[in-house]
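Asker: Just passing along the structure, written as structure tokens.
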Amino acid sequence: GAGVSQSPRYKVAKRGQDVALRCDPISGHVSLFWYQQALGQGPEFLTYFQNEAQLDKSGLPSDRFFAERPEGSVSTLKIQRTQQEDSAVYLCASSQEHEQYFGPGTRLTVT
Amino acid sequence: DQQVKQNSPSLSVQEGRISILNCDYTNSMFDYFLWYKKYPAEGPTFLISISSIKDKNEDGRFTVFLNKSAKHLSLHIVPSQPGDSAVYFCAASVSPGTYKYIFGTGTRLKVLA
């Protein structure tokens, strides 16, 4: 079946702009995760949903970051008033149990 | 404070030989571990997992070993193939019964033909 998809794959934003990143998980996967990956680093946890409930948002770096999954399927990560330090690859993963399956990521560049 | 450490940023191995990738962790509450492979411009691909109740799990050419007393796990790839050249990440779950993972910084494996 289809894997996790993310859009857009690349996004260039001017500092101060708002961006929205979309994730389509594997159909039927209950859990959905967002990660931020800086160059040369491993993925860093941002937030976690079980169905539509956001169970953990402890990794969101500031209140400019907001994630939602209103119907328990597609999720959107929104970043308001982007800053240069937000430049990174944003990865989405979904899972039924422990093993998480990742999308290709969205590379965000803030200029 | 890096709770999951991959101390070797890179590793080169001859084709056909064994690749051993290492990972250390600090939190004894970690109870489930995953290994991922990542190619450039792609998301990480799940390889193999191990629960803390086991000390070994094998899947084809990939074997993961867990040494709980040393808080150490390793991924063995044998025989190594050029297509295995990628960055490998280990990840550990934060506490029993949750699916939140902490990732290491990765080891870049290069398999030489």
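Asker: Hey, what did chain B get for relative contact order, percent, Cα under 8 Å, at least 6 apart?
Answerer: Rounded, it is 37 percent for chain B.
Asker: Please work out the average accessible area per residue across chain A, using the 1.4 Å probe convention, and give it in Å².
Answerer: On a per-residue basis, 50 Å².
Asker: Scale the Cα Rg of segment A:5-110 by the rule-of-thumb value 2.2 N^0.38 Å and send over the ratio, two decimals.
Answerer: Working: Rg = 12.7 Å, N = 106, 2.2 N^0.38 = 12.9 Å.
Segment A:5-110 yields a ratio of 0.98.
Asker: May I ask for the distance between the Cα centers of segment A:67-107 and segment B:1-74, given as a whole number of Å?
Answerer: Each part reduced to its Cα centre gives a spacing of 24 Å.
Asker: Can you pull the one-decimal nm distance between simple spin-label points at A:Arg107 and A:Gln84, each 7 Å off the Cα toward Cβ?
Answerer: That separation, rounded to one decimal, is 1.9 nm.
Asker: Can I ask one more? Give me the net charge for the shell around B:Thr107: Cβ to Cβ below 14 angstrom, other residues only, Lys and Arg +1, Asp and Glu -1. Write out the running numbers ahead of the final one.
Answerer: Values: positive: B:Lys5, B:Lys37, B:Lys38, B:Arg108, B:Lys110; negative: B:Asp24, B:Asp84.
After counting each charged neighbour, the total is +3.
Asker: Same structure, new question: Any idea what the dipole of segment A:3-64 comes to, in debye rounded to 20, about its Cα centre with Lys/Arg Cβ at +1 and Asp/Glu Cβ at -1?
Answerer: Values: 7 positive and 6 negative charges, 74 e Å.
The calculation lands at about 360 debye.
Asker: How much of A:Arg81 can a 1.4 Å solvent probe reach, expressed as accessible area in Å² and rounded to 10?
Answerer: Approximately 120 Å² of A:Arg81 is accessible to the 1.4 Å probe.
Asker: Sort all Cα-Cα distances of segment B:36-113 into consecutive 10 angstrom bins from zero, then give the percent of pairs in each bin up to the one containing the longest distance.
Answerer: Histogramming segment B:36-113 at 10 Å steps yields 17, 49, 29, 5, 0 percent.
Asker: Per the Kirkwood definition applied to all pairs of different Cα atoms, how many angstroms is the hydrodynamic radius of segment A:58-97? All intermediate terms of the calculation are to be shown ahead of the outcome.
Answerer: Working: mean 1/r = 0.0843 Å⁻¹.
Final number for the Kirkwood radius of segment A:58-97 is 11.9 Å.
Asker: In the neighborhood of B:Tyr39, defined by Cβ-to-Cβ distances under 15 Å, what is the net charge if each Lys or Arg adds +1 and each Asp or Glu adds -1?
Answerer: Details: positive: A:Arg9, A:Arg107, B:Lys37, B:Lys38, B:Arg108, B:Lys110; negative: B:Glu42, B:Asp84.
Once all neighbours under 15 Å are counted, the net charge is +4.
Asker: Whose amide H sits under 5 Å from the amide H of A:Thr47, counting only residues 5 or more places off or on another chain, with H placed in the peptide plane?
Answerer: HN-HN under 5 Å from A:Thr47: A:Trp34.
Asker: Next question. Taking all protein chains in place and a 1.4 Å probe, what share, in percent, of the accessible surface of segment B:4-112 do carbon and sulfur account for?
Answerer: Exposed carbon and sulfur together represent 51 percent of the surface.
Asker: So if I place +1 on the C-beta of Lys and Arg and -1 on the C-beta of Asp and Glu, and nothing else carries charge, what would the dipole magnitude of chain B be about its Cα centre? I want it in debye, nearest 20. Show your work: numbers first, answer last.
Answerer: Working: 12 positive and 9 negative charges, 19 e Å.
The dipole of chain B has a size of about 100 debye.
Asker: Output ³J(HN,Hα) for segment A:80-85: one whole-Hz value per residue in order, computed from phi by the Karplus curve 6.51 cos²θ - 1.76 cosθ + 1.60 with θ = phi - 60°, and x for Gly and Pro.
Answerer: For segment A:80-85, the Karplus curve yields 9, 6, 4, 10, 4, 5 Hz.
Asker: Buried accessible area for the A:B pair, summed, 1.4 Å probe, in Å² rounded to 100?
Answerer: 1700 Å²
Asker: Taking every eigenvalue of the Cα gyration tensor of the protein assembly as shown, multiplying by 5 and rooting it, what semi-axes result, largest first, whole Å?
Answerer: 30, 20, 16
Asker: Roll a 1.4 Å probe over the protein heavy atoms and report the accessible area of B:Ile77 in Å², nearest 10.
Answerer: About 0 Å², rounded to the nearest 10.
The values are calculated or read from the model by the stated rules, or taken from the named source; none is laboratory data. Since this is a predicted model, take the numbers as computed values, not measurements. Don't worry about glycine lacking a Cβ; one is built from the backbone with ideal geometry, like all the others, and counts go over all protein chains shown. The protein model used for the area step is the full one, side chains on, heavy atoms only, and it has no ligands, DNA or RNA in it. Shrake-Rupley method; radii C 1.70, N 1.55, O 1.52, S 1.80 Å.
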